[in-house]
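**Q** Following this message is one structure expressed as structure tokens.
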Amino acid sequence: MTKLNWLLVFPFLLIIPITFGQGLPSSVLYHELLKLKETKRVLYLAAHPDDENTRLIAYLANGEHAQVAYLSLTRGDGGQNLIGKELGLALGMIRTNELLKARETDGGRQFFSRAIDFGYSKNPDETLNNWEREKLLSDVVWIIRRFQPDIIINRFTTTPGTTHGQHTTSAILGVEAFSKAADPSVFPEQLESVKPWQPKRIFWNAYNWGGQYEPEEGKTYHQFPVGDYNPLLGTTYSQIAADSRTMHKSQGFGSTAQIGEGTDHIELIEGEPFDDDPFEGVPNRWNQLKEGQTIQASIDKILENFDFTEPQNNLKGILSLKKLLDSQNSVAVWLKEKQDHINQIILDLLGVRSELIVRKEIGFPGESIEAELIFNNPSEVPINVENLAGSQVIEINQTAKSNQLITQKITLEIPEDHPVSQPFWLENPLDGSHYDIRDPEKIGLPVNPYQVGKKLMLTVDGQKISTDLPVMFKYNDQVDGEVRQPFVLVPEVNVSLNKDNIYLIDGADHSLQIELTFEEEIHPGDLQFEGLKPDQYKVIQKQTDETRKRIVYDVQLLGSETEKKEVLVSYITDQGKKYNLNTNRILYKHIPNLTYFTTTSFGLINLDIKVSNQKIGYISGAGDDVPDVLRDLGYSVTYLDNSDLNKEILAEYATVIVGIRAFNVNQALAENLNQLMEYVKEGGNLIVQYNTSSPLLTRSLGPYPFSLSRDRVSVEDSPVQADLSHPVFSFPNQIQLTDFDGWVQERGLYFTSDWDSSYSTPLTVKDPDEDPKKGALLFAEYGKGTYTYSGISWFRQLPAGVPGAVKIFVNLIEQGGGK
């Protein structure tokens, strides 16, 4: 058994998907050689995951064979989620990995800035009131200098008011960075790692929503045939693009490819004019090398004589090309990428499969992990498997060929001081609307490099080849077959709470359960509550389960001096170690399993409000955490499924609440709307939360007509006007305008329009410099009951424990009369 005493942190510069499959079809290998030959580079720039034009990226990467990268300023943290409850930072993790899957599909690469998506904004002024312009400009300049694109393509224009303010801001920053990246006096501290870089041209990806782009007279533009068929890949760029866009599943962006010809346009903003080709005048990078002409001639010869039926016959020429590439005296970024690329081509040509696997998914610092190297070469070409490189070299020295498997057991000794698998952008507290990334080398990275792994060193016909081997957890699922997931490191002691907020109100449960789970053995210690005095809580019970290696504390909260405070819970072991992290897992089949850690804290909210003990029925939509908040307030909440959507069952509940976007995703709900209306007519209280206008499964959402619009109020502290005498603002709790203070991210979205006069509209909201909007909250009496439709972002405000929002929502519920 060999000991591995240290871990390999993989380099930042180029993160590409690591594949384990055996080789590629010969036509795809030929396609990879075409990409190897091409040296032009494109940076595509926008604001969010799913902003990118996947048709254009797919064409540029696979038709032009360019190296294409998409810079998304944000990770999409402020968006909505169609597939689950995750919002905020957790949603940003999902969307980050959806983007990586999209790039894996269309052949591009992915970068990010430090910007946090704080939700919808209507103009760049509002956006830059949240984002620090110079900080994000430095990120864009850094990535341009590092990636060295020949052309930049903005997704959006710099014209305010035409789209999302963050969209416009991305274009403004792109244009500004286009020239400043070449100026050594701009962000000179970057020049320790990169050189100034001037792209040749910057464009915008011209479009006309709802119609064909028509170039203006005097504008310079170019069109790409993005609907064409690629015979080497056996598909069209439109199909590649649709498959890529479909990876944005959390946004409901499943796509069907356009059939037939299609074009995309780019329009010149700045840079040198051109006649026919946007890459006109872009220098061939091979000419930077002393033997560049020889290298090009070698690639051309391999392509000209490529053997599709016996691809191993191409190996001799490719190995000679590799030797030539490796001999070049240059540290250029693009050349290092080409050297890595030809290594992968050789391994794919031979059908090599290599893995470093473990039998469990989770470990912790200080643990010993049993791993296994698996290497297979199905070809007749001998490959010498030399060693696993790292701080300590693990000798292998075996020859692999003819499908004879090589395996070797390895023990991974993980140092006690090794960090856990926290995404690097979450390692530090947020810096306003930016991630606090203190290592500049990480700015731009999509995800962490693999933390635990080795570099496998091989020799093929005297040529050295290395390939990164991250440690992976591999198992067989009886439905999905072989599954691989990243190996992750978690704290040795995990601290979890059963509630995010505790409400100190009559009728609510003031208890908190704290569970400590130990990875190896139980460590004696004490709880610490930062923010509470000893007389403000009481430990009711402590249960120790040696078998399951856990301790559970039941704590009663007794008081608070303020309306709302955050309390940090820590566990201090008898060795003096402090643990205050909770492990969070996100599991969806279309992306890798995701792990991140949050500080163990809860909100203590002291409210003087009246809450009944009525029963609530909740009809789920796209997913939200509102039911958990209502339970914490003392309500009895039952999830209703499709079989419960009849007036007899609904009548058991004083109030029925419909979750967010339910009429976008639940066909049974739409088909049984008449049952909900009968429930209201006979005395029920129905609250419907926001939906989007498309796709909407029914045009009728209430007892009287109204429509849905795109109206929203994105400034969370914008002024409001309210009829405080209206029942929803006066019973049973009197609402004050101060209850609209301290809201998060936004007021609301997708407000109503064209409502029937039977509805009252007691709330008026507006964004700065815009007309007031009254469609955020509709209320009507219908028969013996009451109906509310609301575009207010309860799904954000209530889980955040915003006191005023909680109080207003309680009033909406209490219109049900306490059945």
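**Q** May I ask you to work out the translational diffusion coefficient for the range 600-644 at 20 °C, viscosity 1.002 mPa s, via Stokes-Einstein with Rh from the Kirkwood sum over Cα pairs, reported in whole µm²/s? Each step should come with its number before you reach the end.
**A** On the way: Rh = 12.4 Å.
Approximately 173 µm²/s, per Stokes-Einstein.
**Q** Continuing with this model, one more query. Test of understanding: express the Cα radius of gyration of the range 472-542 as a ratio to 2.2 N^0.38 Å, with N the residue count.
**A** Here the Cα radius of gyration is 1.70 times the empirical estimate.
**Q** Further, regarding this structure: Convert each backbone phi in the range 101-110 into a coupling constant with the Karplus relation 6.51 cos²θ - 1.76 cosθ + 1.60 (shift: θ = phi - 60°), then list the ³J(HN,Hα) values in order as whole Hz, x for Gly and Pro.
**A** 3J(HN,Hα) across the range 101-110, in whole Hz: 5, 5, 5, 4, 7, 9, x, x, 10, 9.
**Q** Suppose every K and R has +1 on its Cβ and every D and E has -1 on its Cβ; what is the size of the dipole of the range 625-761 about the Cα centre, in Debye to the nearest 20?
**A** It works out to roughly 320 debye.
**Q** When N counts the residues of the range 575-714, how does its alpha-carbon radius of gyration compare numerically with 2.2 N^0.38 Å, as a ratio?
**A** 1.32
**Q** Find which of V226, S250, P188 sits farthest along the positive direction of the dipole of the range 178-254, computed with +1 on the beta-carbon of Lys and Arg, -1 on that of Asp and Glu, about the Cα centre.
**A** S250
**Q** Around H434, which amide H atoms from residues at least 5 apart in sequence, or from another chain, sit under 5 Å from its own amide H, with H modelled in the peptide plane?
**A** Sorted by chain and number, the residues that satisfy this are I116.
**Q** Sorted by accessible area (1.4 Å probe), largest first, how do Y596, Y787 line up? Show your work: numbers first, answer last.
**A** Working: Y596 30, Y787 0 Å².
Most to least solvent-accessible, the answer reads Y596, Y787.
**Q** Considering the dipole of the range 658-770 built from charges on the beta carbon (Lys and Arg +1, Asp and Glu -1) around the Cα centre, which of I660, L737, L724 is farthest to its positive end?
**A** Of I660, L737, L724, it is I660.
**Q** Limiting things to C-alpha atoms, what are the Rg and the maximum Cα-Cα separation (Dmax) for the range 65-205, in angstroms?
**A** Calculated on Cα positions, Rg and Dmax stand at 15.3, 47 Å.
**Q** Give the separation of the Cα centroids, the range 649-710 to the range 32-86, in Å.
**A** Using only Cα atoms to place each centre, the spacing works out to 38 Å.
**Q** Report the Cα centroid-to-centroid distance between the range 367-441 and the range 565-623 in angstrom, as an integer.
**A** The range 367-441 and the range 565-623 have Cα centres spaced 32 Å from each other.
**Q** Here's another thing I want to ask about it. Can you pull the three principal axis extents for the Cα set of the range 30-119, in Å, largest first?
**A** That gives 44, 23, 16 Å along the principal axes, largest extent first.
**Q** Sticking with this structure for a sec: How high is the relative contact order of the range 658-792, in percent, counting Cα pairs under 8 Å that sit 6 or more residues apart?
**A** Contact order relative to length: 31 percent.
**Q** Let me make sure I get this right: for the range 687-756, a, b and c are the square roots of the gyration tensor eigenvalues over alpha carbons, sorted descending. Under 1.5 in a/c it's rounded, otherwise prolate if a/b > b/c, else oblate. Which is it?
**A** Judged from the Cα gyration tensor, the range 687-756 comes out oblate (a/c at least 1.5, b/c at or above a/b).
**Q** Under a 1.4 Å probe, what is the accessible area of the chain per residue, stated in Å²?
**A** Working: 33540 Å² over 819 residues.
Averaged over the residues of the chain, the accessible area is 41 Å².
**Q** Could you tell me which of rounded, prolate or oblate describes the range 388-452, using a ≥ b ≥ c as the square roots of the eigenvalues of the alpha-carbon gyration tensor, with rounded for a/c under 1.5 and, failing that, prolate when a/b is larger than b/c and oblate otherwise?
**A** Values: a/c = 3.69, a/b = 2.50, b/c = 1.47.
Prolate shape, in that a/c is at least 1.5 and a/b is the bigger ratio.
**Q** Can you list residues from other chains, or at least 5 along the same chain, whose modelled amide H is less than 5 Å from the amide H of T246?
**A** S255
**Q** Could you size up the charge dipole of the range 386-523 around its Cα centre, putting +1 on the beta carbon of Lys and Arg and -1 on that of Asp and Glu, and report it in debye to the nearest 20? Let's see the in-between values first.
**A** Details: 10 positive and 23 negative charges, 174 e Å.
The calculation lands at about 840 debye.
**Q** Please report the spacing between the Cα centers of the range 287-313 and the range 740-819 in Å, no decimals.
**A** Here the answer is 66 Å between Cα centres.
**Q** Ok, one more. Once the Cα atoms of helix 133-147 and of the chain are each reduced to a long axis, what angle between those two axes, in degrees from 0 to 90 to the nearest 10, is obtained?
**A** 30 degrees
**Q** Another question about this same structure. In whole percent, what relative contact order does the chain give with Cα contacts below 8 Å and a gap of six or more residues?
**A** 11 percent
**Q** A further question on this structure: Considering the dipole of the range 564-652 built from charges on the beta carbon (Lys and Arg +1, Asp and Glu -1) around the Cα centre, which of N584, G623, V637 is farthest to its positive end?
**A** My answer, from the dipole projection, is N584.
**Q** Among the aspartates and glutamates, which have Cα under 13 Å from the Cα of K323 when same-chain residues fewer than 8 positions away are ignored?
**A** Partners within reach: E291, D340, D461.
**Q** State the percentage of accessible surface on the range 186-341 attributable to carbon and sulfur atoms; use a 1.4 Å probe and exclude ligands, DNA and RNA.
**A** 48 percent
**Q** So, one more: From the P(r) of the range 519-615, can you give the percent of Cα pairs sitting at distances over 21 Å? Provide the component values of the computation, followed by the final result.
**A** Working: 2405 of 4656 pairs.
Summing the P(r) of the range 519-615 above 21 Å gives 52 percent of all pairs.
**Q** Starting from 0 in steps of 10 Å, tell me what percent of the Cα-Cα pairs of the range 285-382 lands in each bin.
**A** Reading upward from the zero bin: 13, 35, 24, 18, 10, 1.
**Q** Return a whole-number percent for the relative contact order of the range 196-328, with Cα pairs under 8 Å and 6 or more residues apart as the contact set.
**A** Once divided by the residue count of the range 196-328, the mean separation gives 26 percent.
**Q** Please work out which option in [x] 45.4; [y] 61.3; [z] 37.9 gives mean projected area of the Cα convex hull in nm² calculated from these coordinates, and answer with its label.
**A** Correct label is [z].
**Q** While we're on this one: Taking the Cα centre of the chain as origin, work out the dipole magnitude from +1 charges on Lys and Arg Cβ and -1 charges on Asp and Glu Cβ, in debye rounded to 20.
**A** 940 debye
The values are calculated or read from the model by the stated rules, or taken from the named source; none is laboratory data. The model shown is predicted, which means the values in this text are computed figures rather than measured ones. A quick note on method: Cβ atoms are made from the backbone with ideal geometry, for glycine too, and the neighbour counts reach across all protein chains shown. These area figures cover heavy atoms from the full protein model, side chains too; ligands, DNA and RNA do not enter into them. Shrake-Rupley method; radii C 1.70, N 1.55, O 1.52, S 1.80 Å.
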